[in-house]
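Just so you know, all these numbers are worked out from the coordinates, no wet-lab data involved. Everything numeric here is computed off the predicted structure, so don't read it as measured data. Here the Cβ positions follow ideal geometry from the backbone for every residue, glycine too, while neighbour counts run over all protein chains shown.
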Amino acid sequence: MSKFTKYALLFAAALLITSGLSSCSDDNNDDGVTAGLTNTQKEMKAIGEQYVANTVNSTYKYLAEETANLYTQLDNDLNKFRAGTLTQSDIDQTCETFKKARSYYESSEAFLFGAATDFGIDPHIDTWPLNVSKLATTLKNKEQVKQMEEDNDVTVLGETQLGFHGIEFVLFRNGANRTLDALKANETDNEFTKINANVTGEEELVFAKVVALDLRDKCWQMEVAWNENAPQEHKARMEELEYATTVNGGEYSYGQNFLAAGNAGSTYRTWQAAMNAILIAGCENICDEVANTKIGNPYSGEDENYIESPYSERSFYDFQDNIRSIENSLYGGRADDNSRDTSKSLIQFMKNHNYEGLAQLESDLQASIAALDDCKTLKGGFVNNIHDPKVGVAQKAIQALDADLTKAGEWMSKQ
């Protein structure tokens with residue numbers, strides 16, 4: 001996601017108000033968090049537990065693993081390049097790891113309302129378009145590149161050079177994996193040649209490696225922030241970097257905060273508010289952005305250069321992963337790791353409580369995924385087909401889904 005912050009302050013202040021929950025009950029053996037809840041609230045709590053464990057935490061776990069793999073592989077690629085042993089197979093493997101990491105991040109965008117927004121992680125690692133002109137100027141400075149590697153320091157780089165899209169520029173061109181021959185030669189992008197930058201493949205790999213370490217650390221921050229049981233190595237790295245990982249500097253992880261809805265100390269006054277965070281601050285927010293900004297800006301002609309992932313030509317994959325993040329949030333977990341439990345999902349809750357808009361919501365969700373599948377058949381990706389009629393069909397489907405999510409949020413507030 002680029003620079004959308006309309007929900008950045010939605011949950012910034014803790015609401016230290018208990019929503020009428022009893023701490024004990026003669027006929028309830030629960031732990032005090034569930035005690036006193038109505039049956040509807042218990043349903044919502046079960047949905048929240050499934051959501052945190054098998055939508056949010058599982059996605060961030062996979063993202064943390066693949067960004068760590070990406071950093072390790074780029075470090076190895078740089079060492080092999082210097083030794084003269086780097087192969088095309090090495091580059092191809094790194095490209096595949098990038099795609100996996102990218103997919104996990106894009107499938108997390110339906111829960112950017114947490115740590116990703118509060119700690120400014122999303123714009124730090126996923127701003128586009130890449131400022132290639134500034135990157136050329138930065139990498140032209142040989143001493144600066146050397147210092148960047150020695151210190152593992154990205155402070156000379158701005159958000160328009162960092163994160164996924166800076167690495168994408170090094171690994172992909174025109175929808176294909178970068179070739180070994182291209183890395184052995186100087187960078188040929190026009191922004192580099194017009195200032196006689198003479199940037200080598202080695203310097204590009206230095207840049208990619210250092211940015212990948214920063215990317216990994218930021219993704220570990222999201223993982224640790226949501227999951228207090230994240231790997232100890234990841235927690236220790238956060239302490240070393242002095243990265244914030246709790247809600248409002250307190251003791252709650254974002255997962256604990258979510259699951260304490262309705263209790264003193266949680267930023268969610270009620271379980272209805274927690275469910276609406278999933279629906280509106282999460283799902284509707286990213287749905288609106290995909291339809292009206294990610295697709296809308298280029299397709300409408302408002303900004304034809306506002307293309308996500310242009311070098312790998314995987315914009316439509318990004319958009320579809322965004323919609324999958326909505327699906328995972330609504331259906332009770334990821335479908336790709338057998339952790340989904342629809343019995344503890346918002347979809348099932350809507351069925352149980354006879355939400356009239358459910359059929360349309362489910363239909364429009366699948367229509368959005370199918371329309372983006374159709375777009376993925378366009379040769380050259382979005383960057384070369386920004387006005388294709390298939391793009392317009394996809395936009396309309398996603399706009400319909402956005403309207404459905406808004407209505408579902410209004411209904412949920414009354415439950």
Nearest 10 degrees is fine. How inclined is helix 358-375 to the longest principal axis of the chain, computing both from alpha carbons? 10
Could you quote the convex hull projected area for the range 56-247, Cα atoms only and averaged over all directions, in nm²? 10.4
Anyone know which of 298, 129, 231 comes out most mobile in the 10 Å Cα GNM of the chain? 231
Amide proton proximity set for residue 177, modelled H, under 5 Å, gap of 5+: none
Point-to-point label distance, residue 189-residue 150, nm (Cα→Cβ direction, 7 Å offset): 2.6
At most 11 other Cβ within 10 Å, DSSP loop - GluC sites (Glu not before Pro), the range 180-282: 242, 251
Largest-first ellipsoid semi-axes for the range 173-293, taking √(5λ) over the Cα gyration tensor eigenvalues, angstrom: 42, 21, 11
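State the volume of the convex hull built on the alpha-carbon positions of the range 249-371, expressed per residue in Å³ and rounded to an integer.
Looking at the range 249-371, the number lands at 163 Å³ per residue.
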On the formula 1/(1 + (r/R0)^6), with r taken between the Cβ atoms of residue 229 and residue 337 and R0 of 22 Å, the FRET efficiency rounded to 0.05 is 0.80
Residue by residue, what Karplus-based ³J(HN,Hα) values in Hz, rounded to whole numbers, does the range 239-251 have, using 6.51, -1.76 and 1.60 with θ = phi - 60° and x for Gly and Pro? 5, 4, 7, 6, 8, 5, 9, 10, 6, 6, x, x, 9
Highest-MSF residue in the chain out of 44, 350, 275 [GNM, Cα springs under 10 Å]: 350
Computed over the chain: longest principal axis from alpha-carbon atoms vs helix 142-151 long axis, angle to nearest 10 degrees, is 40
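For a distance above 20 Å, tell me the whole-number percent of Cα pairs in the range 297-362 that qualify. List each step's numbers first, then the result.
Working: 1028 of 2145 pairs.
Everything past 20 Å amounts to 48 percent.
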Step through the table entries 80/379; 235/344; 140/209, compare each Cα-Cα distance with 26 Å, and write down the pairs that go over it. 80/379; 235/344
Could you work out which residue, out of 160, 293, 85, moves most in a Gaussian network model of the chain, that is, has the largest mean-square fluctuation with Cα springs under 10 Å? 85
Label points 7 Å out from Cα along the Cβ direction at residue 300 and residue 182: separation in nm? 3.2
